[in-house]
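Q: First, the structure itself, so that you have it in front of you.
The values are calculated or read from the model by the stated rules, or taken from the named source; none is laboratory data. Source: prediction; values computed, not measured. As a convention, Cβ positions derive from the backbone with ideal geometry for all residues, glycine included, and neighbour counts pool all protein chains shown.
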Amino acid sequence: MMTQRVKEILSYYDSENPGVRSNLARFLNHGRLAGTGKLVILPVDQGFEHGPARSFAVNPPAYNPLYHFQLALDAGCSGYAAPLGFLEAGAAEFAGELPLILKLNNHDLLLDEHDPISAVTGSVGDALRLGCAAVGYTIYPGSAMRREMYEELRAIAEEAKSVGLAVVVWSYPRGSGLSKEGETALDVVAYAAQIAAQLGANIIKVKLPSAHLEQAEAKKVYEAQKIPLEPLAERVRHVVQSCFDGRRIVIFSGGPREDDATLYEEVKAIKAGGGYGSIIGRNSFQRKKPDAIAMLHKIMDIYAG
Amino acid sequence: MMTQRVKEILSYYDSENPGVRSNLARFLNHGRLAGTGKLVILPVDQGFEHGPARSFAVNPPAYNPLYHFQLALDAGCSGYAAPLGFLEAGAAEFAGELPLILKLNNHDLLLDEHDPISAVTGSVGDALRLGCAAVGYTIYPGSAMRREMYEELRAIAEEAKSVGLAVVVWSYPRGSGLSKEGETALDVVAYAAQIAAQLGANIIKVKLPSAHLEQAEAKKVYEAQKIPLEPLAERVRHVVQSCFDGRRIVIFSGGPREDDATLYEEVKAIKAGGGYGSIIGRNSFQRKKPDAIAMLHKIMDIYAG
Amino acid sequence: MMTQRVKEILSYYDSENPGVRSNLARFLNHGRLAGTGKLVILPVDQGFEHGPARSFAVNPPAYNPLYHFQLALDAGCSGYAAPLGFLEAGAAEFAGELPLILKLNNHDLLLDEHDPISAVTGSVGDALRLGCAAVGYTIYPGSAMRREMYEELRAIAEEAKSVGLAVVVWSYPRGSGLSKEGETALDVVAYAAQIAAQLGANIIKVKLPSAHLEQAEAKKVYEAQKIPLEPLAERVRHVVQSCFDGRRIVIFSGGPREDDATLYEEVKAIKAGGGYGSIIGRNSFQRKKPDAIAMLHKIMDIYAG
Amino acid sequence: MMTQRVKEILSYYDSENPGVRSNLARFLNHGRLAGTGKLVILPVDQGFEHGPARSFAVNPPAYNPLYHFQLALDAGCSGYAAPLGFLEAGAAEFAGELPLILKLNNHDLLLDEHDPISAVTGSVGDALRLGCAAVGYTIYPGSAMRREMYEELRAIAEEAKSVGLAVVVWSYPRGSGLSKEGETALDVVAYAAQIAAQLGANIIKVKLPSAHLEQAEAKKVYEAQKIPLEPLAERVRHVVQSCFDGRRIVIFSGGPREDDATLYEEVKAIKAGGGYGSIIGRNSFQRKKPDAIAMLHKIMDIYAG
Amino acid sequence: MMTQRVKEILSYYDSENPGVRSNLARFLNHGRLAGTGKLVILPVDQGFEHGPARSFAVNPPAYNPLYHFQLALDAGCSGYAAPLGFLEAGAAEFAGELPLILKLNNHDLLLDEHDPISAVTGSVGDALRLGCAAVGYTIYPGSAMRREMYEELRAIAEEAKSVGLAVVVWSYPRGSGLSKEGETALDVVAYAAQIAAQLGANIIKVKLPSAHLEQAEAKKVYEAQKIPLEPLAERVRHVVQSCFDGRRIVIFSGGPREDDATLYEEVKAIKAGGGYGSIIGRNSFQRKKPDAIAMLHKIMDIYAG
């Protein structure tokens, strides 16, 4: 049965058709966090984004695409996101077992770019054919190519929603408009989250923001309004607020592998700040499966607690 | 987690894309019979088929479309099937709560016809927009209009499957080719089930067959091969066999309201004969809700037992 | 400001996109009945349906299409419905002044038919171009051509809703399946209303039902369930119930000109029975304008009272 | 390696694109008769055409669609033909194992008709998706509906050939234009074969002709030209000649089950008359599998001898 | 009959329709390596890629497109790949004799480019018309034009698979993102193979990797995880692992002509490392035919041994 909290979250999407709302509900009602309004999603696009060895060599079973479906299932994740090839390689075996997100654009590192843009590597039709609940798309606010990305996303989102698929946007500030430090600056992450929400994203994925402020004009306001930069939970709260005052699901990525204590502290901060959950790739599949499950369960326990 | 039995059933549909298989899995993994390989589906198309008073006056809350969603949920049914209007009237409120079947064609009784054909009253696009897991379509083998129906179904099924929707076919022999008694004759029901399967149906719905044999040529074979006409379980077994030796899901409708003892005996016979379950409309919503739930639970207990 | 009642009515259409809901709100929030949840709509398709002299000779200013826009405005009607030509002839002059319904199919009397079907005389594109809030379509349940009409309406409704237009269905039982008396029989009118609702109509227009019962199978149920046939308010209540338990807007037409006392009694019955309002053509424009306005105001006062 | 005989046969189809020729070659190079220029094809459309019990009760494993794929494989048949449902039920399991023909139209016996026409129950797209080498289509020359069939076939053949699929035509004289005896009359069968060839069929399937002559005008010519009516081999030779002097593959069906001695004599006559082979359904699957294989091998031995 | 190994390989493609699986089976079941799960494919696109003299002058019969079909056949190759012109020039003569791959994009050397992209020179429709079992497409990871290529491939793969054609991707790192040595660096080749797999390739073709490591970030991982760089078999194993842990067919190209001893050693390494086979162009057709056949047979013997 649908919990009150899930019903409340779904009510934020009242302009979407029942198909989109049903697919959002599938994430919110699946796995160990079903019904809590919190999500922990397993994303595995690193094979494309960073190459196979950097992604999987530390835990070789993860070269196998079936591994990740099974990990997401065994750990009770809310869903699993991957590019076309990885989903095609397991969607039949795992048909109906967990909500899938087809990551529609992807980017490799075989060329150094100042202004990155991902390539579209799957379609809304592929997502339907493979039984997915959502499509995913990455934008790089700050890139000189951002207009192409925003416009591509617009078209994809319109098509996806018309056939009842939810739209998940990875919003990663990057490109010639930003300093390296600026990519995770609080003002920039909040801005990138807002852009994704304004582009019609149903679920928004951002990185955890640092206490850095990148843009001078923004900095003035942060200081004048005394927007707290510490602790992390306050920064999370600010990003959540920037996602339509919490009326859009926003989840946070952990980034590269880090020590578990830090990870759990971050999750506690996400929870304290009102975040909707985590999307945890490398920290999940770059360790042995039992360890990954233990770690994911611990994170879920924090969210559910 | 997927049971062995559900995995086995899904393996019969290995030519379908993962989307169709996922949606079949949604029915098989929902409600009180989740995982058993058995289905009890609530269909409510009688408002269109027989008119509102004949359908709902005996239990007036059933005039309300939300009533049926809630009944299907509360009783733990495997899914709910209805025409466009009834689904539009509740799909948003119940988004993500249970697998839906959009009944794509419907027929009214305001004109007397020898050779009936239903009108198409919804589309594959409607099904996606409303978050359905399947589309439904009725054929009347025996009608002089059957060619139109088979061809319409062919086109709809091709479109539906291409976007990952499962296809449910109501196969009801009727029309100038058949006597009234022939409409439920064992040979005719088995034939109608086979036709639906050959047309690519993923789930087939037929009426429970009587021991009557309609066609002279068929009768010879039934006698020569000593195909048992009694008891009902044997007739069910024959229909299941006629659905690709049990490799297609075939469920049986109860028809008009009848006394519960008879109903339970029929369900026992369906189970004993290897049927996949029941689709129970009027017997469900034409009584008070607590009674309906008790009755549906009892039926599910028989299937699960 | 949106009243509670209008919000409640709009909530019944939660599966529709905000465009459709906005256009429904335009009718509910326009004219003298704005905010009450009641509607009085002026329809003028009689020029096409009955010919100009039979329609307008009794009140010659009504030959002028601008007359009807002005009448609807002056009387404070909730909206105005007409075929393509009449709307094209005034949509510019009255742009933005009142919600319009483009009647998409129309029928003339220059051929005697047993099984009528109207011709499609306008498009969804026309409705957008002319600034309409809704499209209208007439079905004749009981006609041997009903399948063509239901399927045509299905396609039109899907298109109209996808561009945010509301869908108004005139459901008029007629054709070889029915006796003349049966066209307004309570069971038949309720059935026809249900069919329109199942076809996805947002607003349903039917005739006031008589106490006659047409179909033998239905009659049994009406008697067994003691569905009251008198007074008129009870029959209205039954039709409202047949429109998804009142969760679809259903309005009643007055039919041919009749004396005003009768008319007001009917309106009181519609109100008492929970009907959403009236659609009053000939009784409005077949009298002098001041009289028409007085009459319409009196009706509105009954509804608002 | 391609034999001289197969190369010669393919040369008759020199106007077809290489895709069609490749798919014709697949039949000619598959199974025990590979390379001989002879074909023995297993068709199983009786479930649709005659109903399941009449088709499969005498050998119940044949209810299972996988049975027929396996039978065709084990017996070394040149190909397997069936309607959509039967192919969907095994195409994945047997992917790449034998050339398939998707029977695109099918007919049931639940309505008595003077002028039959089959319903289209599959598409060229289905054939590609299922990995078929050809599509099949039945025409009934002699039926008042023949124009519809010829035109439908024309469109299907044009589409199928454009995507490289071969076209197999079942040409079965039937309908109000013919006496019962006339359906297998030599003049009529030869005429029906010619019509199929003229319609662009790549492979033509007809029934073995009797020595009867149906049409008076034809009879005059048969007598004047001393076209031999006996023995059967001469009649086969005449049909082969009627298929563009043997430049179209024409195969003969055995019809209902008969005793094996007769069957083998017929095969010898087909061979002696220059026929390209047999399409043997009921005689194959209506007996135990080992017997069927032995029988089919014996037939193949006659052709190969 | 299908071997266990071929069935296992096909099971990796369970999300594809039976058409794609059938066409994959055609390669796996053709030629001298039929049934072994190994492939040796003849590709002849050098006429386009390097010009005719550089390609064929050393063995002038190879100017004739029929030569290559015959060579592939005589040597018992698993398939033959070429651009549109070469296939059109022989597809009719060799219809049905061996599985063909239409190379859909091609690149010439008449312009010096830092960031190459091939031109699309054939279509999915061409592949069907010519009777091909697959389409081929080349991507250049590392090129600034890679986004265009990935997106073009995405669209082509979706179309090809929908009509049952397999998709072969040549993944050749090249362009301004890479050093010359980097084009065959182990980390880069493994990455390029992964990208092809993620783009949905059914068969992946890469060059044999050197022991060089190109990317600093990757190098760290290779060293930390002790991924062996020697011998060649270990590098092959790493690439196979990078193709979804061996669940995608990956074959290796020999590159420019080299001495046969080296070639055989490479093949032994491919086999030892679990590679699926070779695609050998210049080493095959740039020598006399009998020598080429002897060489190819020797290679096949190694794979089959």
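Q: Does D:E258 meet the test of being out of contact with any strand residue (DSSP E or B) (no Cβ under 8 Å at 6 or more places or on another chain) and more than 30 Å from D:R54 (Cβ to Cβ)? I'd like the intermediate steps shown before the answer.
A: Working: out of contact with any strand residue (DSSP E or B) (no Cβ under 8 Å at 6 or more places or on another chain): yes; more than 30 Å from D:R54 (Cβ to Cβ): no.
Here the answer is no, as D:E258 does not meet what is asked.
Q: Of all the residues that make up the range B:167-194, how many are without any contact (Cβ under 8 Å) to a residue 24 or more places away in the chain and facing chain D (nearest Cβ under 10 Å)? Reasoning before the result, please.
A: First pass over the range B:167-194, keeping only residues without any contact (Cβ under 8 Å) to a residue 24 or more places away in the chain: B:180.
Still in the list and also facing chain D (nearest Cβ under 10 Å): none.
Final tally of qualifying residues: 0.
Q: Something else now. Which of the residues spanning the range B:32-56 are assigned to a loop (DSSP other than H, G, I, E, B) and among the charged types (D, E, K, R)? Before the answer, list the steps.
A: Let us first name the residues in the range B:32-56 that are assigned to a loop (DSSP other than H, G, I, E, B), namely B:32-38, B:44-45, B:50-51.
Passing the criteria: B:R32, B:K38, B:D45.
Q: Of the residues D:V58, D:V44, D:V40, D:V20, which is in contact (Cβ under 8 Å) with a residue 40 or more places away in the chain and over 25 Å from D:M295 (Cβ atoms)? Before the answer, list the steps.
A: Numbers: D:V58 fails: over 25 Å from D:M295 (Cβ atoms); D:V44 fails: over 25 Å from D:M295 (Cβ atoms); D:V40 fails: over 25 Å from D:M295 (Cβ atoms).
Going through D:V58, D:V44, D:V40, D:V20 in turn, the sole match is D:V20.
Q: For the range D:148-185: of the residues being in a strand (DSSP E or B) and of a type outside the set (S, T, N, Q), which is nearest to D:K219 (Cα to Cα)? Full working, then the answer.
A: Step one: of the range D:148-185, the residues in a strand (DSSP E or B) are D:166-171, D:185.
Imposing the further condition that a residue be of a type outside the set (S, T, N, Q) reduces the set to D:166-170, D:185.
Working: D:A166: 34, D:V167: 31, D:V168: 29, D:V169: 26, D:W170: 24, D:A185: 11 Å.
Top of the filtered list is D:A185.
Q: Given the criterion within 14 Å of chain E (Cβ to nearest Cβ), part of a helix (DSSP H, G or I) and more than 28 Å from D:R174 (Cα to Cα), identify the matching residue among D:L98, D:L128. I'd like the intermediate steps shown before the answer.
A: Details: D:L98 fails: part of a helix (DSSP H, G or I).
After applying the criteria, what remains is D:L128.
Q: Separate question: Counting only residues that are within 14 Å of D:G79 (Cα to Cα) and of a type in the set (A, V, I, L, M), which one in the range D:256-297 is farthest from the chain's Cα centre (by Cα)?
A: D:L296
Q: Something else: With the structure loaded, tell me whether B:R26 is within 13 Å of chain A (Cβ to nearest Cβ), surrounded by fewer than 24 Cβ atoms within 10 Å (Cβ to Cβ) and of a type in the set (K, R) or whether it fails that test. Step through it out loud before you land on a result.
A: On the way: within 13 Å of chain A (Cβ to nearest Cβ): yes; surrounded by fewer than 24 Cβ atoms within 10 Å (Cβ to Cβ): yes; of a type in the set (K, R): yes.
Yes.
Q: Sticking with this one: Could you grab me the full set of residues in the range A:14-31 that are within 18 Å of the chain's Cα centre (by Cα) and part of a loop (DSSP other than H, G, I, E, B)?
A: Selection gives A:N29, A:H30, A:G31.
Q: Now for a separate question. Take the residues in the range D:101-117 that are at the interface with another protein chain (Cβ under 8 Å from one of its Cβ atoms) and in a loop (DSSP other than H, G, I, E, B), then tell me which one is modelled with the lowest pLDDT. Spell out how you get there, then give the answer.
A: Taking the range D:101-117 and keeping what is at the interface with another protein chain (Cβ under 8 Å from one of its Cβ atoms), we get D:106, D:108-112, D:117.
Narrowing the set further to residues that are in a loop (DSSP other than H, G, I, E, B) leaves D:108-112, D:117.
Values: D:D108: 96, D:L109: 95, D:L110: 94, D:L111: 93, D:D112: 87, D:I117: 95.
Among those residues, the one meeting the criterion is D:D112.
Q: Continuing with the same structure: When you check D:G131 against the structure, is it surrounded by 22 or more Cβ atoms within 10 Å (Cβ to Cβ), over 16 Å from the mean Cα position of the chain (by Cα) and closer than 30 Å to D:L98 by Cβ, yes or no?
A: Working: surrounded by 22 or more Cβ atoms within 10 Å (Cβ to Cβ): yes; over 16 Å from the mean Cα position of the chain (by Cα): yes; closer than 30 Å to D:L98 by Cβ: yes.
Yes.
Q: Just one of B:I280, B:I227, B:I251, B:I270 is buried (at least 19 other Cβ atoms within 10 Å of the Cβ) and in contact with a His (Cβ under 9 Å, 6 or more places away or on another chain); which is it? Explain how you work it out, then say what you get.
A: Details: B:I280 fails: in contact with a His (Cβ under 9 Å, 6 or more places away or on another chain); B:I251 fails: in contact with a His (Cβ under 9 Å, 6 or more places away or on another chain); B:I270 fails: in contact with a His (Cβ under 9 Å, 6 or more places away or on another chain).
Selected residue: B:I227, the only one of B:I280, B:I227, B:I251, B:I270 that is buried (at least 19 other Cβ atoms within 10 Å of the Cβ) and in contact with a His (Cβ under 9 Å, 6 or more places away or on another chain).
Q: Let me ask something else about it. Would you say B:E88 is surrounded by fewer than 24 Cβ atoms within 10 Å (Cβ to Cβ), more than 20 Å from C:V221 (Cβ to Cβ) and within 10 Å of chain A (Cβ to nearest Cβ)? So that I can check it myself, show each step before the final result.
A: Working: surrounded by fewer than 24 Cβ atoms within 10 Å (Cβ to Cβ): no; more than 20 Å from C:V221 (Cβ to Cβ): yes; within 10 Å of chain A (Cβ to nearest Cβ): yes.
For B:E88, the condition - surrounded by fewer than 24 Cβ atoms within 10 Å (Cβ to Cβ), more than 20 Å from C:V221 (Cβ to Cβ) and within 10 Å of chain A (Cβ to nearest Cβ) - is not met.
Q: Consider A:L73 carefully, then state whether it is aliphatic (A, V, I, L, M) and within 12 Å of chain B (Cβ to nearest Cβ).
A: Details: aliphatic (A, V, I, L, M): yes; within 12 Å of chain B (Cβ to nearest Cβ): yes.
Spelling it out, A:L73 is indeed aliphatic (A, V, I, L, M) and within 12 Å of chain B (Cβ to nearest Cβ).
Q: In the range E:195-205, which residues are among the β-branched types (V, I, T) and at the interface with chain A (Cβ under 8 Å from one of its Cβ atoms)? Outline the logic, then answer.
A: We begin by selecting, within the range E:195-205, every residue among the β-branched types (V, I, T); these are E:195, E:203-204.
Correct list: E:I195 only.
Q: Select, from E:V168, E:V124, E:V120, the only residue that is within 25 Å of E:M295 (Cβ to Cβ), β-branched (V, I, T) and out of contact with any Pro (no Cβ under 8 Å at 6 or more places or on another chain). If you could, list the steps in order and put the result at the bottom.
A: Details: E:V124 fails: within 25 Å of E:M295 (Cβ to Cβ); E:V120 fails: within 25 Å of E:M295 (Cβ to Cβ).
E:V168 is the lone residue from the list that is within 25 Å of E:M295 (Cβ to Cβ), β-branched (V, I, T) and out of contact with any Pro (no Cβ under 8 Å at 6 or more places or on another chain).
Q: Contact list please: Cβ distance under 6 Å, first residue in the range D:211-231 and among the polar types (S, T, N, Q), second residue surrounded by 13 or more Cβ atoms within 10 Å (Cβ to Cβ) and at pLDDT 95 or above, pairs at least six apart or on different chains.
A: Pairs that qualify, where the first residue is among the polar types (S, T, N, Q) and the partner is surrounded by 13 or more Cβ atoms within 10 Å (Cβ to Cβ) and at pLDDT 95 or above, are D:Q215/D:D187.
Q: Of everything in the range A:46-58 that's crowded, with 24+ Cβ neighbours inside 10 Å and in contact with a His (Cβ under 9 Å, 6 or more places away or on another chain), which residue is nearest to A:G131 (Cα to Cα)?
A: So the residue we want is A:F48.
Q: Counting only residues that are under 11 Å from E:F285 (Cα atoms) and either modelled with pLDDT under 95 or hydroxyl-bearing (S, T, Y) (or both), which one in the range E:59-82 is surrounded by the fewest Cβ atoms within 10 Å (Cβ to Cβ)?
A: Selected residue: E:Y63.
Q: Output the residues belonging to the range B:147-166 that are aliphatic (A, V, I, L, M) and either over 18 Å from the mean Cα position of the chain (by Cα) or at the interface with chain D (Cβ under 10 Å from one of its Cβ atoms) (or both). Reasoning before the result, please.
A: Residues of the range B:147-166 aliphatic (A, V, I, L, M): B:149, B:153, B:155-157, B:160, B:163, B:165-166.
Once the filter is applied, which keeps residues that are aliphatic (A, V, I, L, M) and either over 18 Å from the mean Cα position of the chain (by Cα) or at the interface with chain D (Cβ under 10 Å from one of its Cβ atoms) (or both), the range B:147-166 yields B:M149, B:L153, B:A155, B:A157, B:V163.
Q: Quick check on the range E:139-146. Is at least one of its residues farther than 19 Å from E:R26 by Cβ, touching a Lys or Arg at 6+ places or on another chain (Cβ under 8 Å) and either aromatic (F, W, Y) or not in a loop (DSSP other than H, G, I, E, B) (or both)?
A: yes
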